[in-house]
Structure formats: structure tokens, C-alpha cells
1. What is the Cα convex hull volume of the chain when expressed per residue in Å³?
2. What's the extension gain from GLN337 to SER17 if we count 0.36 nm per residue and subtract their Cα-Cα distance?
3. If I compute solvent accessible area with a 1.4 Å probe over the protein chains, what percent of it on the chain is carbon and sulfur?
4. Give me the distance in nm between label points sitting 7 Å out from Cα along the Cα-to-Cβ direction at TYR417 and GLN326, one decimal.
5. Among residues other than LEU390 whose Cβ falls under 12 Å from its Cβ, what is the net charge (Lys/Arg +1, Asp/Glu -1)?
6. At 4 °C and 1.567 mPa s, grab the translational diffusion coefficient of segment 1-152 from Stokes-Einstein with a Kirkwood Rh over Cα pairs, rounded to a whole number in µm² per second.
7. Step through the residues of segment 204-216 one at a time and calculate ³J(HN,Hα) from phi using the Karplus curve (6.51 cos²θ - 1.76 cosθ + 1.60, θ = phi - 60°), rounding each to whole Hz and writing x for Gly and Pro.
8. Applying the Karplus parametrisation 6.51 cos²θ - 1.76 cosθ + 1.60 with θ = phi - 60° to the phi angles of segment 477-489, what ³J(HN,Hα) value in whole Hz is obtained for each residue in order, glycine and proline being reported as x?
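The values are calculated or read from the model by the stated rules, or taken from the named source; none is laboratory data. Quick caveat: nothing in here was measured; it's all calculated off a predicted structure. Counting neighbours? That spans all protein chains shown, and the Cβs are built from the backbone with ideal geometry, glycine included. Just so you know, the surface numbers come from the protein's heavy atoms only, side chains and all, with ligands and any DNA or RNA stripped out. Shrake-Rupley method; radii C 1.70, N 1.55, O 1.52, S 1.80 Å.
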Amino acid sequence: MTDLAAPYAKPLDLHTSDAAHKRLKARYRSEARFKFFGMAAIGLAVLFLAILLYTIVSQGYHAFTYHYVKLPITLDQATIDPENTGDPEVIGRADYNTIVRQGLAEVLPFASERRERRVRNGLVTGAANIALRNEVMDNPELVGGKHFIRIQLDDFGDLYFKDLISDTTEVPINGTASPTGTEGDVKILSTANDFGFLANTARDYLTSLKVDAEEKEANKQRSVDRLTAEVESRTADLGAAADDAQKTRLQNALDVAKQSLAVAQADVERFELAAQDAERRLSVANATYSLNDQMPSFLIKINGGVVKVNSVSASQLEGTTYVPLQNTSDATAGTWQILEILKPESNRKLSDREIVWLEEFNRQGLVERGFNETFFTAGASREPEQAGILGAVMGSIFTMLVTLLLSFPIGVSAAIYLEEFAPKNRLTQLIEVNINNLAAVPSIVFGLLGLAMFLNIFGLPRSAPLVGGMVLALMTLPTIIIASRAALRSVPPSIREAALGIGASRLQAVTHHVLPLAMPGILTGTIIGMAQALGETAPLLMIGMVAFIVDIPGGPFDPSTVLPVQIFMWADFPEPAFQQKTSAAIMVLLVFLVVMNALAVILRKRFERRW
């Protein structure tokens, strides 16, 4: 027995030796590293997706709501419908623009000058008259009374109430303030050093101006020194010139250098004077400092009014009343405020006067935030508050409908023929290779094909969903054919054999047995291909669907755009409100894509057969 067991001792040592244990530990460590890297890759992908979604949602959710002002609108019977006909056409011809302005004047009656009235009228959307007209035409019973009717604010007014214009802070105060007037330019005195912060802000600004002027003066002085040396060098070269042509060329160069030198010397003098002026103003004890639009703005709320600060010292300030004060009585600490708007007026689209008057709307309880219906019910517009996605959504629906009606029957029929009926020869192999290659062709190539064929040769209407659907159908066909062939191939051969065995023809076996069983996979591939087509932009740009279309399309032959192209156009607009709408439209597009992919999963789970 000992002799028989001895030969097996050495092979067993291969799995129990120290070297075997080391190899096993090394393999476990390798598996752990692979698992760690895999989990890290998944974690990074989830992190990047979360960052993407957070960025889109944080920028876009503001666009789903909007701020409105409830204006007291007097709908005079004699102005709108003098004969009390109730006819919408008669009601629609009234001058609603004047009616809206009268409502604004009732809320802000102190805007008397022409420039102030222009600012006041610009606080609401430019289409306020159209919105009011539609409201009255839909509700003729409003005529003859006075009602608070909701009107959209201007886009920057909406952004202000969403805290997207500038941050505002309150400056601490301790003393009693005494205004010298109620309207126009007024002075406000303080018993404490309440205006010291304002004066220090102006002083810091003057200091930065002085430093900046000194730096610019030093830089220009270096340019003067360089240009002086250049002038001297070119003068010497001109004296040593041998022929007239060289003298002419050198003389021209010398004249240019002298002109540049003169400009640089003037700049040096200008910056030197600016630095000296700033130094002089800084050296004055208890000086009064002027504020400008390059500095943070300061507003004084006192005695029911608002004063914009123009100049300030430690104990008093001078300013302009944007909302008249009710009286000139002293205001103790706690009954008046100093507000600082951090972003300078020159760096924002909303002026101090507009901010004050918007706050006056809010003080009177006229501002409310509601669902932004316009975003979902309007078409394209140059005004951000009037722009919506309905036109692009309808264009996408018509385009996808044309794409589906063309690509699905053609793609499924081609897949059935190639998989079930086509002979296996070089021609079918060439067709299969080309279908696979077409699936990888950049989408813009299909746009070029559509431009050349459908527009230039066949003369189909430009910017129409019909042409867009045909182009996207060409792009989607390879995906549907490949997915349909894979679904047909997944049906067990026994299904075909059983159908043929009981006397069915090949066409009957395919249409009655194979195709129904393969339909879940075919539908899944079709929906995924349609989702890909829904997000395409490049091929549609080539056929003109980037046109600015205000009207909502009523059919596949009407000019329109699609949602991805609308997003592309809005992203190119500089207005902040359009940036919000861009992110919001992306959110809507993502919802469509998620729904379509979820539908593909549900269909697969619903009709899937396990063999």
C-alpha cells in the first residue's frame, strides 16, 4: 500500500504547497482589483450622469414657472364695445395697449416723465395687449367693469423675482434718518455713522481706480519709451538712406511711429490726471463721494418711499427718489433700511429704477408666481417670455409619424426577405454588408442625401416634417433591419418546421407563426431607432428645419422645426431666459426619450417568450 500511495504524493503537493497558496492569493487579488476597477467605472459613470442631470435640472426647472403682475384693468364699455354687441371681432379691435398702460399708471402713478413712462411700460411683456385682448374675447362679460387681470412680467422681471439677477443685502443701521424732501433729489441726514459703509465702498472704488490708472500709466510710459527709441532709430535710418524709394518707405514708417508716440503720450497724460484726481478726492477729509454704475447700488427705503443714492459722506447722502416719500418726518432705526445691490448696474440688464418698481409691485401684493403655460402652448418667438415648445413638439410628432410610416414597413419587409427568403449568394452578402455599414454612417450624410434628392431633385417643400421624416427614415432603416433580422433569427427553427410540416407555405409559416413571435424584438428595435431619430439635429439642419417658424404646424406639409433643433437655436441666444428654456426643453426631450425606451422594455417583457 505504501508503494502505491507514493506516486500520488507529488501531484497533491502542487495544490497544497506554499507556491500554490501564493498563486491563489495573487489570483484573488487580481479578481479584487478587477472588481474594484469595474465598480469604480460604474461609479464614475453614475457620477457623471448625476452631474449632467443636476446641471440640466438646476438650470431648467425655473422655466416651468413664471411671475405675473395683477394689474387693475378698467374695461370701459364705451372704449371696447360701445354698442354692447358682444361680438368678438368688435371686442378684438379695441386699443388694449393703451388699456394696459393705464393699468400700469394706476399702480405706479409717479412715473410722469416720458423716459420714466417708457421704463414703466417695459416692466411687462411686449405682448401684454395681445394677452389682454384674448382674455377679454374669451370672457366678454368682463367688459364694463374693473378687474385685476394677470399679465406676464418682462423676462428680466421674472428673473429678478427668481433671484437670478443680483443678490441684495441689508446694511446695518443704528441712528435716526431725516429726509429733506419727498420727491426729486433729496438729502438724508443720519444721527449716527450709518453711511460710513457706503462711503467706504466709494472710497475703495476710488482707490482701485487710482491703482488701475497708475498701472495703465506705467504701461503706457513703457510704450512711450519704446516708441521714442523707434522714432530715433527710424530718423537715423532715414538720414542714411541711399535712394528715394527707400527714403519714402522710411519716411512713412517714421510718420506712423510718431503718430503712435503722440497717442501714447496723450494716454500717459490722461491716466496721470485720472490718478491725480483719484488721489485728490481720497485726500479730502470727510469727503462726499459720488457713486456710479460701476459700483454696487444702494437704495434707501424710508417713509414709504425709495431713494437711489447718488453721493454719500459719513453722515449724509444725496439721492433721487424712485418712489416718492410720504412725509419728511424722522425715521428711527428699524423703520428705514439701506439695501445694497451687489452687482453693479452696468453689469446687469435690469436698472435700479426697474428693480425698485418691481419691488413696488411686490409691496402692493400684485406679483404672483404660477405655472408657465406659455412654454407649452406657444411657438417660437424672439421674446423669451413668449417663446414656447409647442411648435417644435408638433413638428417632432409629424416628423416621427412620417419616419415610422416609412421605416417600419420597409425595414421589417426587408428583414423578412433577407432572413427568410433571399438566397445566400454574393449579392445578398453585399446587401448585408452595406446595411451594416449604413448603420454606422454619420447622420449628417443622410441630411446631405435628403438635401440633394428630396429638395434639389424632387422639389419637395423645405423645412417640412415630410422631408424631415423621409431623411430620418433613411437613417433609421438600417437599425430596424438589423434588429428585425436578429428577432427573426431568435425564433426556434422548430416553429418553422412544424408549420411547414402541417402543410403551410413558407409565407404562411413566416407571417402566421414566426413574425408574431419575433414582433417583440422588432418593436423594441423600432422604438430604439425612433428614439435615436427623435434626438437627431444634424440631418434636419441640412434640409432647412432650422427656420424661425412662429405658427404651430397643422400637418406634415407645413413649415416647422423639431425639438432638438429648437434647443440648438435657443442655446445660441444670449438672453438668460432662453438659457433656462434651453435646459427645460432638454428636460422635455429627455422625458420623451425615457418614455420611448421604457415602452420598448415593457413591450419586450409583455410579449417575450422563453423557449
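1. 457 Å³
2. Contour length minus the Cα-Cα distance gives 106.7 nm.
3. Of the solvent-accessible surface of the chain, carbon and sulfur hold 58 percent.
4. Going by the 7 Å Cα→Cβ label model, 8.5 nm.
5. -2
6. Value of D from the Cα-based Kirkwood radius: 57 µm²/s.
7. 4, 5, 4, 4, 5, 4, 4, 4, 5, 5, 5, 5, 5
8. My calculation for segment 477-489 gives 3, x, 5, 5, 5, 5, 5, 5, 5, 5, 5, 5, 5 Hz in order.
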